[in-house]
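Student: Supplied in structure tokens, the structure appears directly below.
Every number here is computed from the coordinates shown, using simple stated rules; none is lab data. Please read all numbers here as calculations on a predicted model, not as lab measurements. Glycine also receives a Cβ, built like all others from the backbone with ideal geometry; neighbour counts cover every protein chain displayed.
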Amino acid sequence: MRIKKYLLIALSGIFFAACSGRDFAGTSEESEGVVAIKDKQIAGVTQKGPFLLGSSVTIQGLDGNTLVQTGKSFKALVKSNKGDFEIKDVSLSSQYALFEVNGYFRDEYTGNISDIKISLNAIADLKDRNRVNVNVVTHLVAGRMLFLVQKKGMSFKDAKKQAEMELFSSFGFVKGDESPEDMDIFVGESGAALLAISILLRSEDDRTADFMEWLSAMSYSFANSGVWEDDEKTYIAERFMNAEMLQRSNKPLEYYDVDVKKIREYLETWDDSIPPFEKYTNRYWAHMIGLGLCAENNVYEIQRSGKSDDSESDGDEYVCNPDQHWSLMANRDVPGAFYVDTSGNRAYYDEVDSNYWFAENMKHEYQNCEEGSFARGCLLYSGWANDESCPSGFHLPSRDEFRHLIDAYGGSKNAAAALRSPKGFGATFFKYSNDDGEPLAKFCSSDREKKKSGRTYYYFMRVDSKEAVIDSTTFDLCSVRCLKDR
């Protein structure tokens, strides 16, 4: 487990430098329509996970022109372990206010109370609202808003809009209509997005001790640039991507780097209506490797990764599944697929070929397995592939059985596209390319032939973008797709 160490950048450096009142571009009172707030009752919820009973909540009045603190403040305590608070009789010289919550919180990663106190902030316009929620999104947006108003001379409204768009874009999310100060981790699509961001930023089981330090550094970076400038974001993306791939591969829990299922179990002990945050953690890592959005209009679309220069996933093939989650082609949702053994190998019935085929490259820690990974499939040298490579009841296909598959799909050219379909065989271009650098797939057969030269040739099915054919090699890597015994 990796923990990055940062120089502590105090939150006051972002939020409270405004007290000096110097060097601020500011905004026009006339353009902002500054109004005083009198005797308002303000309520809300405070959430990383929920802040605990007794956590402190402070409302600081802000100048309507510069967002500098006026010195007027109101304090209260969180009323329960659900993070809720209420402050009565709030009167301020402008409608703009800075909220700060400080305390312990319920930790999504452990299900326990956090071992440190943290502080989160929000900046809100109280003119037409009586409720303000404080969370990690309001916290990051607040620092960026102060920079845009005080250093760039933007209006409150424009600064808020830009900061929110930049933050959601950093995570690969589409900004909805709901403001961050209305978001609640237990409610709706916006709550799912908020919860995903909160979980992603927490990232590690052992990060609580330095979480505030790390969040402060990220807040400072985002406030000044509007982007998440941190190589940690790639590391976080790969941890969640690998966890999801392994879960789709039916891998035992002890192999997971991040146990997203366990996080959901903890959350559901707090509330039984946890929104689908997993969709947004999926969108985050997909965004980081350049896949774009998986939605209803592009189900079963195939994309190759390659956005992140230092990502282990560069060049892998991914598919948009019907549940609107990206996955490796190997772990796609195949209609009618079923597990054939405890190692996560799946088979499906091919109605065209009238046979049961593996739905993905063999996933197994077999002896002689080379270069692959559990989620992407095992590679064998052709000379090592045999019926023992397949689980009980399945065998390594002969070249005649591969020919039958190709012929069933209408011959070489038609079969090339058909065998690539994620709904069926799903031939994956994994680690192979021809002499021109064009990707292809190779599948071991059980057939071999010793020539007069004394060299043994091993036969395999080759699938590329143009054709599916039976080919041969003297000795090379190939993927294993097992076929059910008749």
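Student: If amide H atoms are built 1.01 Å from N in the plane of the peptide, which residues on other chains or at least 5 residues away come under 5 Å of the amide H of residue 457?
Tutor: 449, 450, 451
Student: Which ³J(HN,Hα) values in Hz, rounded to whole numbers, follow from the phi angles of the range 70-87 under the Karplus curve 6.51 cos²θ - 1.76 cosθ + 1.60, where θ = phi - 60° and Gly and Pro get x?
Tutor: Per-residue couplings from phi come out as 8, x, 8, 9, 9, 10, 7, 10, 4, 8, 7, 6, 8, x, 7, 9, 8, 10 Hz.
Student: Based on Cβ point charges of +1 for Lys and Arg and -1 for Asp and Glu, what charge dipole magnitude is obtained for the range 338-484 about its Cα centre, in debye rounded to the nearest 20? Mind dumping the intermediate values first?
Tutor: Working: 19 positive and 22 negative charges, 32 e Å.
Taking the Cα centre of the range 338-484 as origin, the dipole is about 160 debye.
Student: Something else: Filter the cross-link list 48/157; 82/262; 88/161 down to pairs whose alpha-carbon distance in this structure exceeds 23 Å. Mind showing how you got there, number by number?
Tutor: Values: 48/157 25 Å; 82/262 20 Å; 88/161 28 Å.
The answer is 48/157; 88/161.
Student: What shape does the range 59-170 take by its C-alpha gyration tensor, where a ≥ b ≥ c are the square roots of the eigenvalues and a/c under 1.5 counts as rounded, a/b above b/c as prolate, and the rest as oblate? Provide the component values of the computation, followed by the final result.
Tutor: Working: a/c = 2.26, a/b = 1.32, b/c = 1.71.
Because a/c hits 1.5 or more and a/b fails to exceed b/c, the range 59-170 counts as oblate.
Student: What FRET efficiency comes out for the pair residue 342/residue 70, r = Cβ-Cβ distance, R0 = 60 Å, nearest 0.05? Could you put the intermediate results ahead of the total?
Tutor: Values: r = 65 Å, r/R0 = 1.08.
After rounding, the FRET efficiency stands at 0.40.
Student: Right, something else. Assuming a ≥ b ≥ c are the square roots of the Cα gyration tensor eigenvalues, decide whether the range 338-484 counts as rounded (a/c under 1.5), prolate (otherwise, with a/b larger than b/c) or oblate.
Tutor: On the way: a/c = 1.34, a/b = 1.07, b/c = 1.26.
The shape class here is rounded.
Student: Could you give the length gained by full extension between residue 324 and residue 300, i.e. 0.36 nm per residue of separation minus their alpha carbon distance, to one decimal place? Spell out each step's value before the answer.
Tutor: Values: separation 24, 0.36 × 24 = 8.64 nm, distance 0.94 nm.
Result for the pair: 7.7 nm of gain on full extension.
Student: Taking the Cα of residue 476, stepping 7 Å toward and past its beta carbon, and measuring to each backbone N in the range 378-407: which are under 17 Å?
Tutor: It comes to 379-385, 399, nothing else.
Student: Still on this model: Using a Förster radius of 45 Å, what is the FRET efficiency between residue 354 and residue 229 based on their Cβ-Cβ separation? Nearest 0.05, please. Each step should come with its number before you reach the end.
Tutor: Details: r = 55 Å, r/R0 = 1.23.
In this case the efficiency is close to 0.25.
Student: Just how far, in whole angstrom, is the range 457-486 from the range 263-288 if you go by their alpha carbon centroids?
Tutor: So the separation of the two Cα centres works out to 40 Å.
Student: Do any of 175/279; 38/72; 79/127; 40/75; 442/466; 72/117 go past 18 Å between their Cα atoms, and which? Present the calculation step by step, with values, prior to reporting the outcome.
Tutor: Numbers: 175/279 15 Å; 38/72 13 Å; 79/127 25 Å; 40/75 14 Å; 442/466 14 Å; 72/117 25 Å.
Table pairs above 18 Å Cα-Cα are 79/127; 72/117.
Student: Can you tell me the FRET efficiency between residue 177 and residue 452 if r is taken as the Cβ-Cβ distance and R0 is 56 Å, rounded to the nearest 0.05?
Tutor: Numbers: r = 74 Å, r/R0 = 1.33.
My answer for the efficiency is 0.15.
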